[in-house]
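Enquirer: I have a structure I would like to understand better, so I am pasting it below and will then ask my questions one at a time.
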Amino acid sequence: MKVVFDSACNLACPSCRTNFIKNEDYITNKSRNILEDVEKSYGNSLEFISMSGYGDPFYSEALFEWLVNFDSKKYPKMDKIHIHTNGMLWNEFNWNKIKSAQPFIKTAEISIDAASAETYHKVRKGGKWDLLIKNLKFIDTLTQVHSMILSFVIQNDNYKEIVPFYKLMKDIFKNQKNITIQYYKILNWGVLSEEEFTKKAVWNKSHTNYKELVKEIKLLDSYNDERVVHSLHGI
């Protein structure tokens, strides 16, 4: 089961939304009701749950509450919980609060999109670079998380950091043996005008900086690291 119904997030990334979406009562109550229905209807058979990819499970009141109060007796077949987060609130304090869910959190994806503070604050509105780096170093110590995706959405604002991002993730994640450094092309989720999207879509052959992007991708590929995954081969 994939949880993508809770939009509450502590960041307002321009590629995702036009403004911050906070823990409003209507969002929290809706999510709580859905999670209660899931427990009643599927608790005995549910083996996998992924949260979130739309908001952030450490920020959302309802999702974090579910993790804090996770009861394996209500989910006897649960094998894995996948966490998709921006990492800003994944610190030791919050990790300890979800102790009952910890044994099931075997995989995670952290959306980062930058390799420097300047770029990060541009593409991840509301984020704090130094805090993120501190949290990433903590996350690297969590050996029970068996697989980690470190993701980067390629856009005109950050394409020059494609290779620096690869190097930074390699440098930070020394204990996590099973990491994937994943690059996605920016997509328009309906929050960008066509003009805005055209400016950001640096992977489009008609873009002014397309040839520069090609150089960055070729340099990335030259490291021949099987942990790097992207869909820009042959551009």
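The values are calculated or read from the model by the stated rules, or taken from the named source; none is laboratory data. Just so it is clear, the model here is predicted, and its values are computed rather than measured. Note: ideal-geometry Cβ built from the backbone for every residue, glycine included; neighbour counts use all protein chains shown. In case anyone asks, the SASA skips ligands and DNA or RNA and just uses the protein heavy atoms, side chains included. Shrake-Rupley method; radii C 1.70, N 1.55, O 1.52, S 1.80 Å.
Enquirer: Can you pull the percent of the chain's accessible area that's carbon plus sulfur, 1.4 Å probe, other chains left in place?
Expert: Working: 5790 of 11940 Å².
The C+S portion of the solvent-accessible surface of the chain is 48 percent.
Enquirer: For the chain, find the longest principal axis of its Cα atoms and tell me its angle to the long axis of helix 210-222, 0 to 90°, nearest 10.
Expert: For helix 210-222, the angle is close to 70 degrees.
Enquirer: Follow-up question, since we're still on this one. Tell me the accessible surface of Leu187 in square angstrom (1.4 angstrom probe, heavy atoms of protein chains only), to the nearest ten.
Expert: Result for Leu187: roughly 90 Å² accessible.
Enquirer: What are the residues whose amide H is under 5 Å from the amide H of His82, where those residues sit 5 or more places off or on another chain and H is modelled from the backbone?
Expert: Ile49, Ser50, Met51
Enquirer: Which residue fluctuates most in the GNM of the chain (Cα springs below 10 Å): Gly43, Gly55, Gly190?
Expert: Gly190
Enquirer: Counting other Cβ atoms within 10 Å, which GluC sites (Glu not before Pro) in the stretch 11-42 have at most 12 and lie in a DSSP loop?
Expert: Passing sites in the stretch 11-42 are Glu24.
Enquirer: Can I ask one more? Checking the table Lys80/Lys215; Lys74/Lys97; Lys22/Lys174; Lys30/Lys134; Lys40/Lys177; Lys134/Lys200 against a 27 Å threshold on Cα-Cα, which pairs fail?
Expert: Violating the 27 Å limit, Cα to Cα: Lys80/Lys215; Lys22/Lys174; Lys30/Lys134; Lys40/Lys177; Lys134/Lys200.
Enquirer: Could you tell me the center-to-center distance, by alpha carbons, between the stretch 174-193 and the stretch 4-55 in angstrom?
Expert: 20 Å
Enquirer: With every protein chain left in place, what is the accessible area of Ser206 in Å² (1.4 Å probe, nearest 10)?
Expert: 100 Å²
Enquirer: Which of rounded, prolate, oblate describes the stretch 1-52, given a ≥ b ≥ c as roots of the alpha-carbon gyration tensor eigenvalues and a/c under 1.5 marking rounded, otherwise prolate only if a/b is larger than b/c?
Expert: In terms of gyration-tensor shape, oblate.
Enquirer: Using a cut-off of 15 Å between beta-carbons, work out the net charge of the residues near Thr198 (Lys and Arg +1, Asp and Glu -1, Thr198 not included).
Expert: The answer is 0.
Enquirer: Here's another thing I want to ask about it. Under a GNM of the chain (C-alpha, springs under 10 Å), which listed residue has the highest mean-square fluctuation: Phe165, Phe197, Phe93?
Expert: Phe93
Enquirer: Roughly what angle does helix 129-139 make with the longest principal axis of the chain, taking Cα atoms, 0 to 90 degrees, to the nearest 10?
Expert: Long axis of 129-139 versus the principal axis of the chain: about 60 degrees.
Enquirer: Cα-based Rg (one decimal) and Dmax (whole number) for the stretch 22-95, in Å?
Expert: In order Rg, Dmax, the Cα atoms of the stretch 22-95 give 12.4, 33 Å.
Enquirer: Could you pull the accessible area for Asp56 with a 1.4 Å probe, rounded to 10 Å²?
Expert: 0 Å²
Enquirer: Order the following by accessible area, largest value first: Lys160, Lys200. Probe radius 1.4 Å; ligands, DNA and RNA are ignored.
Expert: Working: Lys160 135, Lys200 35 Å².
Result of the area sort, largest leading: Lys160, Lys200.
Enquirer: Once you sort the root eigenvalues of the Cα gyration tensor of the stretch 1-147 as a ≥ b ≥ c, which label holds: rounded (a/c under 1.5), prolate (a/b larger than b/c) or oblate (the other case)? Intermediate results must be reported in sequence, preceding the final value.
Expert: Numbers: a/c = 2.24, a/b = 1.39, b/c = 1.61.
Oblate, because a/c is 1.5 or more while a/b does not exceed b/c.
Enquirer: Follow-up. So what is the relative contact order for the chain, in percent, with contacts set as C-alpha pairs under 8 Å and at least six apart?
Expert: Averaging sequence separation for qualifying contacts and normalising by length gives 17 percent for the chain.
Enquirer: Right, something else. What do you get for the angle between helix 25-42 and the principal long axis of the chain? Use alpha-carbon atoms, 0 to 90 degrees, nearest ten.
Expert: 70 degrees
Enquirer: Can you spot the aspartates and glutamates whose alpha carbon is less than 20 Å from Lys77's alpha carbon? Ignore those fewer than 8 places along the same chain.
Expert: Output for Lys77: Glu36, Asp37, Glu39, Glu47.
Enquirer: Leaving ligands, DNA and RNA out of it, rank Leu63, Leu89 by accessible area with a 1.4 Å probe, largest first. Present the calculation step by step, with values, prior to reporting the outcome.
Expert: Values: Leu63 0, Leu89 50 Å².
Solvent-accessible surface, decreasing: Leu89, Leu63.
Enquirer: Calculate the length of the line joining the C-alpha centroid of the stretch 137-157 to that of the stretch 67-117, in whole Å.
Expert: Their Cα centres are 12 Å away from one another.
Enquirer: Amide H neighbours of Ile149 under 5 Å, counting only residues 5+ apart in sequence or on other chains, H built in-plane at 1.01 Å?
Expert: Ala108, Glu109, Ile110, Thr180
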